[in-house]
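Q: The structure that follows is given in the form of structure tokens.
We did not get these values from a lab; they are worked out from the coordinates using the rules stated. Remember, predicted model here, so these are calculated numbers, not experimental data. Glycine gets a Cβ as well: all are built from the backbone with ideal geometry, and neighbour counts include every protein chain shown.
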Amino acid sequence: AATWGYDKGNGPSVWYKNFPKAGGNRQSPVNIDSKTCKSHTFSHPLKANYSSEANMEVTNNGFTFVATIKGENTISGGPLETTPYKLHSFHFHWGSDDSHGSEHTIDNKSYPAELHLVHWNYQKYPDFAEAAAAEDGLSVLGILLKVGEANPVLQALCDAMDKVQACDSKHTLDQAFDLASLVPEDSIKFFTYPGSLTTPPCHESVTWLVSKEMLSCSKEQLSHFRALIGKNTAPLVNNYRPVLALCNRSVCSCD
Ligand code: BO1
Ligand code: ZN
């Protein structure tokens, strides 16, 4: 049996038994209280320097839908200052209906899904796995999905999801994927706090960046996420970790 998952016997509430870091005090996700977080102005604006990815490979690994990135795409500014972090992969978390599915919540409100663009401090840690365990190793840009208009950039991914409905299947996109259209143009307005991987081993290695701008996604598009099959032949849904205590941390609001 899998050592972790999102089911009753192996879900977030018991992860700490096999992955003790999950019981730490720098864990993610958290609720972001937009009214009480402190505003902060960093010296450099947060900017993603993304381009288009040819032959992007996507996988249904039974836990999520993940795209692995070969090209050089970086993010810097904000709490990362002038250190570029390189895009390694992106994936999503989602629910079984529109009322839940995001990992972060804003003012205690959940959204139907959340995109995670995972970057690593590649100049300091050439190996991603090493970065994933280092306190300044990773920075994840989280973008909440809200129900609304169908999103053309997400549609390319929804079409790719249909090719990897089976657990542990892969597909290579035959059209270049425009990574830049996933993220807000120019400077990104965001919340930031120090946190962790939201899945085991829950390393406390992530500078979290949660975009204030959301992506819109139609109900029809969300149905493609929920049609993916998970490890146990059941639909892959509710692959999110509920929020954890902020403990001795604060969230900064940055425009
Ligand atoms: S997330 O963005 O916090 N949901 C997140 C969670 C896990 C990973 C990246 C981002 N990556 C994991 C890999 C594992 C590996 C671990 C440590 O990093 O999926 O295979 O063991 O390197
Ligand atoms: Zn994630």
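Q: Using the structure shown, list the pairs from LYS21/LYS146; LYS109/LYS146; LYS146/LYS189; LYS86/LYS124; LYS47/LYS189 with a Cα-Cα distance above 20 Å, or answer none.
A: Values: LYS21/LYS146 31 Å; LYS109/LYS146 11 Å; LYS146/LYS189 17 Å; LYS86/LYS124 11 Å; LYS47/LYS189 10 Å.
Among LYS21/LYS146; LYS109/LYS146; LYS146/LYS189; LYS86/LYS124; LYS47/LYS189, the Cα-Cα distance tops 20 Å for LYS21/LYS146.
Q: Continuing with the same structure: Considering the alpha-carbon set of the chain alone, what are its Rg and its Dmax in angstrom?
A: 17.0, 49
Q: Follow-up question, since we're still on this one. If you take the C-alpha gyration tensor of the range 20-130, multiply each eigenvalue by 5 and take the square root, what semi-axes do you get, largest first, in whole Å?
A: On the way: eigenvalues 118, 96, 45 Å².
Here the semi-axes work out to 24, 22, 15 Å.
Q: In addition: Taking θ as phi - 60°, what are the ³J(HN,Hα) couplings along the range 50-64 by the Karplus curve (6.51, -1.76, 1.60), each to the nearest whole Hz, with x for Gly and Pro?
A: Per-residue couplings from phi come out as 10, 10, 9, 10, 7, 6, 5, 9, 10, 9, 9, 9, x, 10, 6 Hz.
Q: Could you give each residue of the range 33-38 its phi-based ³J(HN,Hα) in whole Hz, using Karplus coefficients 6.51, -1.76, 1.60 with θ = phi - 60°, and x for Gly or Pro?
A: Karplus values, whole Hz, x for Gly and Pro: 8, 5, 7, 9, 6, 7.
Q: In deg cm²/dmol, rounded to 500, what helix-only [θ] at 222 nm does the chain give when every DSSP H run of at least 4 residues adds -39500 (n - 2.57) and the total is split over its residues?
A: Working: 4 runs with 28 residues, N = 255.
Only helices count here, giving -2500 deg cm²/dmol.
Q: On to the next question. How big is the range 109-204 in terms of Cα radius of gyration and Dmax, in angstroms?
A: 15.7, 40
Q: Can you sort HIS88, HIS44, HIS119 by how many other beta carbons sit within 10 Å, fewest first?
A: Working: HIS88 18, HIS44 13, HIS119 29.
Fewest-to-most Cβ neighbours within 10 Å comes out as HIS44, HIS88, HIS119.
Q: Moving on to the next point. Quick check on the exposure proxy: order TYR85, TYR125 from fewest to most C-beta atoms within 10 angstrom. The partial results should precede the final answer.
A: Values: TYR85 28, TYR125 18.
The most exposed by this proxy come first: TYR125, TYR85.
Q: Output ³J(HN,Hα) for the range 65-77: one whole-Hz value per residue in order, computed from phi by the Karplus curve 6.51 cos²θ - 1.76 cosθ + 1.60 with θ = phi - 60°, and x for Gly and Pro.
A: For the range 65-77, the Karplus curve yields 9, 10, 10, 9, 10, 9, x, 9, 10, 10, 10, 7, x Hz.
Q: Shape verdict for the range 185-226, please, from the Cα gyration tensor: rounded (a/c under 1.5), prolate (a/b greater than b/c) or oblate.
A: oblate
Q: Give me the three principal axis extents of the range 143-193 from the C-alpha atoms, as integers in angstrom, largest value leading.
A: 36, 24, 23
Q: Just to confirm the filter: which trypsin sites (Lys or Arg not before Pro) across the range 44-124 are DSSP coil and have at most 14 other Cβ within 10 angstrom of their Cβ?
A: Numbers: sites: LYS47, LYS70, LYS86, LYS109, LYS124; in loops: LYS70, LYS124.
Here the trypsin sites (Lys or Arg not before Pro) that fit, given the DSSP loop and packing criteria, are LYS70, LYS124.
Q: Mind checking which aspartates and glutamates have their Cα closer than 19 Å to the Cα of LYS70? Skip sequence neighbours fewer than 8 apart in that chain.
A: Hits, sequence-local ones excluded: GLU53, GLU57, ASP127, GLU130, ASP174, ASP178.
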